[in-house]
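Right, one structure below, let's go through it.
Read-outs: derived from the displayed coordinates by stated rules, not from any lab. Keep in mind that what you see is a predicted model, and the values were worked out from it rather than measured. All Cβ positions, glycine included, derive from the backbone under ideal geometry; neighbour counts span all protein chains shown.
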Amino acid sequence: MEPDTMRRLFAGELGPERDFFIYSRHFNPTVLNLGRQMAALEGTEAAYCTASGMSAIAAVLLQLVGAGGHVVASKCLYGGTHALLSRFLPRACGIRATFVDADDIHAVRAAVHEGDTKVIYVETMANPTLAVADVPRLAAIAREKGVKLVVDNTFTPMVVSPARLGADVVVHSVSKFISGGADIIAGAICGPASLVNSMMDLQQGALMLLGPTMNAKVAFEISERLPHLSLRMKEHSERAMEYAVRMKKMGLKVVYPGLPDHPHHSRLAALANPGYGFGGMLCLDMGTVERANRLMHHLQNTTQFGLMAVSLGYYETLMSCSGSSTSSEMTPQEQAEAGIAPGLIRMSVGYSGTLEQRWAQFERALALLHQHQHQHPDADVGSGGGSLF
Ligand SMILES: Cc1ncc(COP(=O)(O)O)c(C=O)c1O
């Protein structure tokens with residue numbers, strides 16, 4: 001290091017592309033290495049990793065939208081993102097959001113106010129309804145209107161590549177499938193190099209100045225897990241498909257985009273990368289919260305089919321009742337508008353144990369639920385929803 005090198009670093013004359021690094025809140029070589037892996041995964045020019053999925057989302061929105069700007073967002077988003085857009089950002093910096101049915105292309109187009117709107121924001125596969133966004137059509141609207149399409153691909157890494165379908169920016173909660181261990185909180189922003197560089201700008205960058213960059217030790221850990229993400233995603237998807245088919249045969253109300261009766265089945269089949277199936281998430285609508293809770297109780301505490309937890313993408317099956325957990329930031333009306341039924345169990349399908357062992361555990365829990373229903377036929381009367389057992 002020569003004294004003048006430091007000046008040149010801060011002047012932007014020397015940078016990470018030539019292996020010069022200032023400080024680890026700015027670019028760090030280990031985090032940049034993971035960023036390159038993420039860019040390759042999503043087919044973007046560049047990527048950088050963050051301390052959480054939420055910090056990736058918040059930093060991208062602050063960078064692209066700015067005070068007083070407007071976002072057109074899907075009605076059905078992860079509860080935290082919904083709260084960020086509907087409550088935090090309006091209060092903190094006057095960023096406003098209009099929530100629309102992302103499938104209603106006319107509504108999306110009409111909600112974009114030229115000059116004011118900067119971003120259209122959707123999830124590839126929505127949390128928790130598993131609605132699949134029509135990324136190519138949304139990208140066409142974004143291009144036509146001169147706004148950026150930002151897509152959260154947390155539920156479907158490898159399965160769908162939104163940037164290859166026209167999205168400008170792809171964000172991830174790396175805490176989920178990409179990590180695979182349910183032990184790390186992390187995020188990623190994948191997009192053009194100009195965006196990543198702008199977010200690291202010493203005067204104007206949301207990553208550099210708000211500081212939610214990833215810890216290099218976490219980046220190393222994640223970079224060792226990315227090479228087997230494809231194997232894990234295939235197994236998550238294969239098991240989810242098998243369970244969904246069997247659950248449907250039993251007369252359960254199952255929501256899975258791999259089933260032909262899912263409203264977005266053919267869309268996902270057309271958009272997905274071949275060989276990765278339809279994803280590892282499925283939902284069971286048990287009609288009422290009580291029935292959902294009773295089934296989850298048996299699945300975890302009696303038959304050990306899975307664990308009650310709000311994360312996803314783990315090797316164990318994780319289950320949560322979305323309305324009262326990860327979507328509880330939304331009001332009952334917002335939940336109803338987003339299609340989140342009160343008895344909806346969201347399952348992230350794991351792959352430990354053999355499929356048949358796991359399925360036997362599921363069947364036993366269901367039989368116990370059935371037994372309870374026979375012994376207490378009035379137990380759920382008045383709690384609404386359809387009666388499945
Ligand atoms: C779709 C989706 N996006 C973003 C997030 C936020 O990610 P993180 O928990 O890593 O901040 C979550 C869950 O927490 C999520 O399910």
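Please figure out what share of the DSSP beta bridges in segment 228-375 is antiparallel and state it in percent, rounded to the nearest 5.
85 percent
So which aspartates and glutamates pass the test for residue 118, namely a Cα distance under 17 Å, with those fewer than 8 places away in the same chain ruled out?
144, 152, 168
Give the lysines reachable from residue 176 as a straight Cα distance under 23 Å; neighbours fewer than 8 places away on the same chain don't count.
75, 217, 234
Given all pairs of different Cα atoms, what value in angstroms does the Kirkwood hydrodynamic radius of the chain take?
21.7 Å
Return the FRET efficiency for the residue pair residue 101, residue 193: r is the Cβ-Cβ distance, R0 is 35 Å, and the value is rounded to the nearest 0.05.
My answer for the efficiency is 0.55.
All other residues with a Cβ under 11 Å from the Cβ of residue 214 taken together, and with Lys, Arg as +1 and Asp, Glu as -1, what is their net charge?
Here the charged neighbours net out to +1.
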